[in-house]
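Here the structure is laid out as structure tokens; the discussion comes afterwards.
Each reported figure results from applying straightforward, stated rules to the coordinates on display, with no laboratory input. Fair warning: this is a prediction, and the values are worked out from it, not measured in the lab. Quick reminder, even Gly has a Cβ in these numbers, built from the backbone with ideal geometry, and neighbours come from all protein chains shown.
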Amino acid sequence: MRLKPVEEVDVTRAIVEAAAERLRDIAEVDVVVVGAGPSGLTAARYLASKGFKTVVLERRLTFGGGIGGGGMQLPAVVVQEPADALLREVGCRLTPYHFRRHLYLVDPAEMMAKLATAAIDAGARIILGMTVEDLVFRTFNGKPRVKGVVVQWSSIVLSGLHVDPMALKADAVVDCTGHEAEVLTLAARKMPSLGIEVRGESSMWASRGEELVVEKTGMVCPGLYAAGMAVAALYGLPRMGPVFGGMLMSGKKIADVVESTLKKRL
Ligand code: 48H
């Protein structure tokens, strides 16, 4: 079967029209999730399935964050019970580790693809190559509240050219940017009145780090939330190495926290 002919200009028009429509659509959303790693993709899936208009903004041209690197770039990732259930929900095939039956192995490429597919199928939109470089805020009774994000194409950021960014409006912004906690760090620097201090993660203690990341996942200030490794960076929690149960559970928890706080405001 022969491919049908393609006019270059039709391709151009089709892309520009579709992209304009998509960007117009995400200009105002319920939730912006920053970062498409394990915590961000999981948060987005649950938020979208709860009915929130959700967009994930990812700096790179791929999703998955730290999943793809596995542990020391070996193609296997470990999750522990009960987080295995979250991977089963999205159709990942898990193999129990014979020596410790509560640990499971999963293929990193499968995990990245299926977490992203599930988030998209739940209704979340993922925009690749977009960097969040600032926040939008307002004050209410003298106290700041985060109202959105300021975005720029990552290619522009990397070029070093001065090109003004644009803003997206959101009721909730979730920092899922991993080790650097980028959104929290810029909030701490630019809005000192928020009283945010990003302490930086501490050295490895896998079990404790996993437990505490989930426990401390939550709202940081009105409109701004944290999940995943960003939580460890914020509170100085131990790192855990290439075990991902805490990231998944943190993503699930933040969706519940956002739901309860946004509902309360209605
Ligand atoms: C847009 C951005 C920006 C920005 C960053 O690193 P991630 O995988 O984050 P988590 O928290 O979901 O998972 C952490 C896990 O992968 C990990 O590293 C673990 C468990 N480490 C333990 C240890 O001991 O080392 O994903 C974050 C994503 C990445 O894809 C970034 O590109 C993206 O966020 N990102 N996107 N705007 N300003 N900053």
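Per-structure values
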quantity	calculated
Residues ASP107, ASP164, ASP175 arranged by fewest to most Cβ contacts within 10 Å	ASP164, ASP107, ASP175
At q = 0.24 Å⁻¹, base-10 log of I(q)/I(0) for region 1-100 (Debye sum, equal scatterers on each alpha carbon)	-1.30
Dipole magnitude (debye, nearest 20) for region 8-64, charges at Cβ of Lys, Arg, Asp, Glu	320 debye
Contour excess over end-to-end distance, with Cα ends at THR62 and VAL163 and 0.36 nm allotted per residue	34.0 nm
Dipole-positive endmost among TRP153, HIS98, GLY69 within the chain (Cβ charges, Cα centre)	HIS98
Sites matching chymotrypsin sites (Phe, Trp or Tyr not before Pro) across region 54-122 that sit in DSSP coil, with at most 15 neighbouring C-beta atoms within 10 Å	PHE99
Rg/Rg_ref, region 152-266, where Rg_ref = 2.2 N^0.38 Å and atoms are Cα	1.14
Cβ charges +1 (Lys, Arg) and -1 (Asp, Glu), total dipole of the chain, debye	540 debye
Residues of type aspartates and glutamates that LYS190 reaches as a straight line, Cα spacing below 17 Å, ignoring anything fewer than 8 places off in the same chain	GLU133, ASP134, ASP175, GLU180, GLU182
Space enclosed by the convex hull of the alpha-carbon atoms of the chain, per residue, Å³	163 Å³
Percent of C-alpha pairs per 10 Å bin, region 101-174, short to long	15, 29, 29, 19, 7, 0
Charge-dipole axis of the chain as Lys and Arg at +1 and Asp and Glu at -1 on Cβ define it, positive-most pick from VAL55, ALA116, ALA83	ALA83
Residue of ALA48, ALA226, ALA18 that the Gaussian network model of the chain assigns the largest fluctuation, springs spanning Cα pairs under 10 Å	ALA18
Proximal charge balance of LEU128 [Cβ under 9 Å; K/R count +1, D/E count -1]	+1
Dipole in debye (nearest 20) - region 105-216, about Cα centre, beta carbon charges: Lys, Arg +1; Asp, Glu -1	600 debye
Rg/Rg_globular for region 33-146, with Rg_globular taken as 2.2 N^0.38 Å and Rg from C-alpha atoms	1.24
